[in-house]
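The values are calculated or read from the model by the stated rules, or taken from the named source; none is laboratory data. All values reported here derive from a predicted model rather than from experimental measurement. Cβ placement follows ideal geometry from the backbone for every residue including glycine, while neighbour counts extend to all protein chains displayed. What goes into the accessible areas is simple: the full protein's heavy atoms, side chains included, and nothing from ligands, DNA or RNA. Shrake-Rupley method; radii C 1.70, N 1.55, O 1.52, S 1.80 Å.
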Amino acid sequence: MAEDVIREGYYVIIRRTHERESSRLIKAEMDKPVFLGKQKIHLNNIFGQRFGTTFEWNRNRDLDVVNVQQLANTSLDLPQLSAPSGDNKDKDNRFIIDDGKSQKLSKDDIEVLKSELSSSEVIENLVKNCSTFEQKTSFAQQKYLKKKQKKYSNLVTILRPNVRLLAEMYFSRGPQKIDYLRIDSLSQMLSLCNVMSGRRYIVLDTNLGILTAAVVERLGSSGTVIQVYTDPGPVSTYRQSVDALNLPKETIANMLFGLQINEIYRLSQSNSLPEMSDQSCGQQSGDKSEKTVESEKLIRRAIRHKEALKALEILAQKDMDGLLLLSKTYDPLNIVLLLLDFLADSRPFAIFSPYMEPLSHCYSELKKKAVFLRLTETWLRKYQVLSDRSRPDMSMSPSSGYLLTGIKVNNNIIQC
Amino acid sequence: MAEDVIREGYYVIIRRTHERESSRLIKAEMDKPVFLGKQKIHLNNIFGQRFGTTFEWNRNRDLDVVNVQQLANTSLDLPQLSAPSGDNKDKDNRFIIDDGKSQKLSKDDIEVLKSELSSSEVIENLVKNCSTFEQKTSFAQQKYLKKKQKKYSNLVTILRPNVRLLAEMYFSRGPQKIDYLRIDSLSQMLSLCNVMSGRRYIVLDTNLGILTAAVVERLGSSGTVIQVYTDPGPVSTYRQSVDALNLPKETIANMLFGLQINEIYRLSQSNSLPEMSDQSCGQQSGDKSEKTVESEKLIRRAIRHKEALKALEILAQKDMDGLLLLSKTYDPLNIVLLLLDFLADSRPFAIFSPYMEPLSHCYSELKKKAVFLRLTETWLRKYQVLSDRSRPDMSMSPSSGYLLTGIKVNNNIIQC
Amino acid sequence: MAQSFISYKRLVGVGDTLFVYLSPTNIYPIRVTTGSTFQTKYGALRHDQIIGKPYGCALQCAKGFVHLLHSTPELWTLSLPHRTQILYTTDISFICTQLDLRPGSVVCEAGTGSGSLSHAIARTIAPNGRLVTYDFHEERAATARQEFADHGLSDIITAEHRDVCCDGFAYTEYFDALFLDLPHPWLTISSANRALKPNGGRICCFSPCVEQVQKTCAALNDHHFLDIDTYECVLRPYDLKTQSMPSYQFSSTKSYSEENSEANEAMDEKSDESLAKKLRTEEDSSEKNDNSSDVKSNEYVLTYSPNQSTGHTGFLTVAVKYQ
Amino acid sequence: MAQSFISYKRLVGVGDTLFVYLSPTNIYPIRVTTGSTFQTKYGALRHDQIIGKPYGCALQCAKGFVHLLHSTPELWTLSLPHRTQILYTTDISFICTQLDLRPGSVVCEAGTGSGSLSHAIARTIAPNGRLVTYDFHEERAATARQEFADHGLSDIITAEHRDVCCDGFAYTEYFDALFLDLPHPWLTISSANRALKPNGGRICCFSPCVEQVQKTCAALNDHHFLDIDTYECVLRPYDLKTQSMPSYQFSSTKSYSEENSEANEAMDEKSDESLAKKLRTEEDSSEKNDNSSDVKSNEYVLTYSPNQSTGHTGFLTVAVKYQ
């Protein structure tokens, strides 16, 4: 497993501690401040600290470590408010007239406070100067505090990127970023394709490469992922999620191989390893000191070429252990039929689509080549659990997308 | 509203009090016992009692009235068991070995008890003779009692049929009975079609006629339902749900008119009231004392003919107020397009299907004739709420079916 | 007074409440008044131009056309002024069914809130039913009363300022159905019990939180209500789009340009849409496709789910009184 | 010992655990033993006939053919002997993700139950991870231990008889992840807290009931766990059927026979299928159909939902320890 301490050059997830949706993936560098919303923050103090540490930014926008005890005291569920109210009648809002004038402090006043006081002191002042706070129900008071705490807290937490956090972050910032692959569907794919260390998987997944990263994470340091892409060449972001895992370069180089799908098509046509036109290999050992853009390009191309050759070699054995496919642009049927051919018998596959229709289109064709075919979706619900205020979240993502899963078999019947 | 007292000849819903799923619709007659499971029951004592009364059958299988206080004492959530258990550790099942031998009473013993004792006394005896009862957790005890109470209770409740109860009963006995129209979808259709007293609706619905009955119920005693059927003639059951409402015959005769859909097609082709071939009208006033099967047939046919004429007359005005359509056998598109033509502008319609595909097929065509088109489903969840054991039901019907709803408009643009 | 919500008319008249429809998310109620003007994003709509026009027509404005729609409680629910959190049609529909509402029902509602449910109840129990609706907020009760009057519903709805938690329902064995949308519904069960008809009176309580449901069910149990059921009814909306989804065109020769797709290590999450577009153009012009038998462009009607939708509104607890 | 669950083989060998697949609802695990016979509804399957056959093949039996499938935790979950209520793949998948499991993770599970989750955990943390699983029921712990041994998982899984409620977890700052499926998880949070690694150790509690969740969240809060989230993950399965759905064939002449469809007042809920069938036959032979432009038979792939499915299994509460 990756190291526990934050080092320069690592990818980190930074977020405002009380605001999960504020998560951002950044590459942490010394003397390279980042912006969190409008807030400029210096990262120099995070190096050497452990992942998971919470910091508070001070007046210089440097980060100071906050200990957990301190953190617990700023927790949202303030004890005096969370005590069960029992059956006695609470205050209610019948006397509150909402005229937007309840806060006596001006915007400027608040700005002054913010520069002089800690966030909890700022909030304390806001409460004191809120004319309607006392009239509010305890629930409304809690809601008010929560809102203010979100707005004025200057706590940030630095987390080690992993697939769960990445998937959550990307999805919350726009599910189209990861082709609508919600964490619950991603989880089903990993299970149903029996993803484990040491085995060999075909993954079709471009965009931000979250599915590829998920399989890589489950391989540990051993196994193979052939990352198949349909674009003519690899897209700039197709390994972003894998890179974010901070794995050693050699580990990645030994496990992960990108391949354009037409190469696989050609492999399937020839039934032997194709000769790849080797435009770039000659320049592989070019002068590294001459760091022109051109030579870097050539090196990358050479690496990709080597990757592709290795991938084809592995595929040619037609003994892959699982196929995970995520395709939004193309009708998946002919792609699935092509890739399925490289799977060993009795190996599982999973096809994800944000739409049901292309999957039902696949279904009858796949019936000829697979058993245990199932079309499913999952329904993920998050709950607010607070004393006396527990309920499902009021807003949800209504669709996990659809999954078509099965196990490839050989249907030539053997007599016994 | 229908009368509150149970009369001979009324349709009633009879159920074992603690077992909602045991509900049955029957026509209650003097000296005509019914079977509830294997249990023969005489209904003679129910007449003159109010709907909603709970009875206990005695040794003669006659029904005696049970008062509510008594009923409350046999309630499932026994007070000594439902008290919150707090945080103390309950007993658990670690020492229980389930060998199926915990009940010391034999089957014959129990039969003897059943014939001699009241159901609660029977259960008391079962508990006394259950060797593992004391070892069970309080939850398991409660579960045990509930199960026994269901099995040995001899309580029945007689309810007045209404659409809610009928829909619940039919659905629980097999959703295909009412073409998968679950109560939540039915409810949406009634709202979204703005069903109210005094207005005129087209309802396509065969099977058990639950949708027709729902609209009839919401009309009170005034308004019109044209019940359209696609079968060549009315099916034996197509008014079962309406009949079950025990409405006066005249009310029904003034409100509800059946019509074969081809008649509407002909109306649309001719654009004037068609001459219907009047094969049967001549015999309408036939000798009623001569009650042969043949003459009854003729009378029914005459009634249907009159209904159809009236229906065509109403439809011809092309001023209907809403269209509710439930079609499982046929692709609904051309049917919808035909019927929509008889709706006034600015009137709503709702199409139900257990499948999404035929509705998405309709969608683009309907866009030309309607606004506010929406394709939805609803997700209905029932909860078990018991002290310390609250949760959603473990089993559910996963689909409400799909609804396509909209409002018919005239798209010829008027300059203003 | 125009009874816009409980009767249909062919032509728009003065005093009607009607809905100007631009799109499913742009629906506006207006009360037709001579001399008034209503501004839409398609241009101004003078009320005088509307009067006498047929309901359901499409009316040309400066920058587009709008439809004039008859009032329904469902359209009102989508566009009413929110004075409180409101109930939406999915729950409302289910509530009306669970309360066995029909013409002639005598119904009680507490609290009135923004009157969303009240309109649907009034429609369902019209013409001879009666709805008594209470709100503990005096101003809210008054506003609702005026709204009901404007909508021609005063014969059916009585809106009162009353705190049923303290003061009860003021009726005995009077209501066929009773609906509670209160923070502490369990405190009113005892007086609700008195107010309901003894033989089949139905009650429904709406509560967002589990703890409220637990207390309410316990109170209903204590008062010998029967068939106590708790439900949740959540809407799942779909969007539809007819879309061609091409099969991938496999190529047995290298027709793609690696130059177009240099990997770069930037962290910006640039969408690959432009690339995909380029790709499609390239493929279209490529002459070297091996079209295997099944490669064609499949036309699908794809159903979309929106990224976010309502996940929860509240729990509906229903029960019946027989005593 | 054959490591059937964490390695793939090409050919069936003695000692393998494999799955005989008849249909999605008829999947049976067998442990291959020379001389044994397994009875299926398609006829007997002698183990000796299976040995040496390739995995994934279709094998002819007397009355049909079966497939031989490699073991996976997912197939095991569907067919294992139930000694308790078990966790299913939908929850299991989500749990594994939420606990950040991967090769090398050190994990604790209480209780073991029927070992459904244990197999999936072992697969995910293999080859160098470790799972310590506890059950307070002595016999159950022993049975599970034997099963893990039979499946070649003893290097990864340690199954112990222990009541963690009374006796805690016997480890300090040892586990990367801890899973609780206990009636009273909140009573173990204190010792779970001690047993977890201090820097990012993750906990997940499965509870069917709301009250358990409330108490568990309170306990997690009290012990300064962070990011406490409660989820529910429910599977929605679809069945598929390619079906032709005819457009209705309107007829402008009376071709239907009223004789066939006499209404009768019987209460039996006879299905109208036979009638519908008759109707279709009649229509097919009718020569008087006016086929308007759009009447044709539409071939749909229809998606069905089963009449009943799992509506709830439990709530999953997850949290992380940083201290």
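Things worth noting here:
- All conditions but one from (1) among the β-branched types (Val, Ile, Thr); (2) outside any loop (DSSP other than H, G, I, E, B); (3) assigned by TED's automatic domain parsing to the domain that holds residue A:254 apply to residue A:127; the one that does not is (3).
Residues are listed down the side, and each one gets a yes or a no for (1) at pLDDT 95 or above; (2) over 21 Å from the mean Cα position of the chain (by Cα); (3) of a type outside the set (A, V, I, L, M); (4) closer than 26 Å to residue A:219 by Cβ:
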site: D:124; (1), (2), (3), (4): yes, no, yes, yes
site: D:132; (1), (2), (3), (4): yes, yes, no, yes
site: D:142; (1), (2), (3), (4): yes, yes, no, no
site: D:154; (1), (2), (3), (4): yes, yes, yes, yes
site: D:162; (1), (2), (3), (4): yes, yes, yes, no
site: D:171; (1), (2), (3), (4): yes, yes, yes, no
site: D:177; (1), (2), (3), (4): yes, yes, no, yes
site: D:180; (1), (2), (3), (4): yes, no, no, no
site: D:184; (1), (2), (3), (4): yes, yes, yes, no
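- So residue B:238, is it of a type in the set (Ser, Thr, Tyr), closer than 30 Å to residue B:45 by Cβ and within 14 Å of chain D (Cβ to nearest Cβ): no
- Conditions (1) aliphatic (A, V, I, L, M); (2) within 22 Å of residue C:237 (Cβ to Cβ); (3) open to solvent by 10 Å² or more (accessible area, probe 1.4 Å); number of the one not met by residue C:92: (3)
- Selection within the range D:130-155: residues that are assigned to a loop (DSSP other than H, G, I, E, B) and open to solvent by 50 Å² or more (accessible area, probe 1.4 Å). The member of this set that is farthest from the other protein chains (Cβ to nearest Cβ) is D:154.
- Test: residue in the range D:29-42 that is hydroxyl-bearing (Ser, Thr, Tyr) and under 20 Å from residue D:152 (Cα atoms): yes
- Residues (under 23 Å from residue A:402 (Cα atoms), buried (at least 19 other Cβ atoms within 10 Å of the Cβ), free of Cβ contacts under 8 Å to residues at least 60 places away in the same chain and more than 14 Å from chain D (Cβ to nearest Cβ)) located in the range A:312-344: A:332, A:334, A:336
- Taking each residue of the range A:345-362 that is over 22 Å from residue A:201 (Cβ atoms) and looking for partners that are assigned to a helix (DSSP H, G or I) with beta-carbon atoms closer than 7 Å, six or more apart or interchain, yields A:361/A:333.
- Any hit, the range B:50-67, residues being surrounded by fewer than 17 Cβ atoms within 10 Å (Cβ to Cβ), outside any loop (DSSP other than H, G, I, E, B) and modelled with pLDDT under 90: no
- Looking only at the range B:196-215, residues that are over 15 Å from the mean Cα position of the chain (by Cα), at the interface with another protein chain (Cβ under 8 Å from one of its Cβ atoms) and either open to solvent by less than 10 Å² (accessible area, probe 1.4 Å) or modelled with pLDDT under 95 (or both) come to 1 in all.
- Residue within the range A:397-414 that is under 30 Å from residue A:140 (Cβ atoms), buried (at least 17 other Cβ atoms within 10 Å of the Cβ) and within 13 Å of chain D (Cβ to nearest Cβ) present: yes
- Residues that are open to solvent by less than 80 Å² (accessible area, probe 1.4 Å), assigned to a helix (DSSP H, G or I) and free of Cβ contacts under 8 Å to residues at least 12 places away in the same chain within the range B:107-120 comprise B:109, B:112, listed in sequence order.
- Of all residues in the range C:80-88, at least one satisfies being in contact (Cβ under 8 Å) with a residue 24 or more places away in the chain, assigned to a loop (DSSP other than H, G, I, E, B), of a type in the set (A, V, I, L, M) and crowded, with 18+ Cβ neighbours inside 10 Å.
- Those residues of the range A:345-395 which are hydroxyl-bearing (Ser, Thr, Tyr) and either in a strand (DSSP E or B) or more than 10 Å from chain D (Cβ to nearest Cβ) (or both), in sequence order: A:353, A:355, A:376, A:378, A:383, A:395
- When A:253, A:244 are checked against the criterion of being farther than 21 Å from residue D:120 by Cβ, surrounded by fewer than 24 Cβ atoms within 10 Å (Cβ to Cβ) and either in contact with a helix residue (DSSP H, G or I) (Cβ under 9 Å, 6 or more places away or on another chain) or within 11 Å of another protein chain (Cβ to nearest Cβ) (or both), A:253 stands alone in meeting it.
- Taken over the range D:89-117, the criterion of being polar (S, T, N, Q), part of a helix (DSSP H, G or I) and within 9 Å of chain A (Cβ to nearest Cβ) is satisfied by D:89, D:90, D:93, D:97, D:98.
- Any chance residue D:120 is within 8 Å of another protein chain (Cβ to nearest Cβ), open to solvent by less than 10 Å² (accessible area, probe 1.4 Å) and among the hydrophobic types (A, V, I, L, M, F, W, C): yes
- Filter result for residue D:34 (hydroxyl-bearing (Ser, Thr, Tyr), farther than 23 Å from residue A:372 by Cβ and touching a Ser or Thr at 6+ places or on another chain (Cβ under 6 Å)): no
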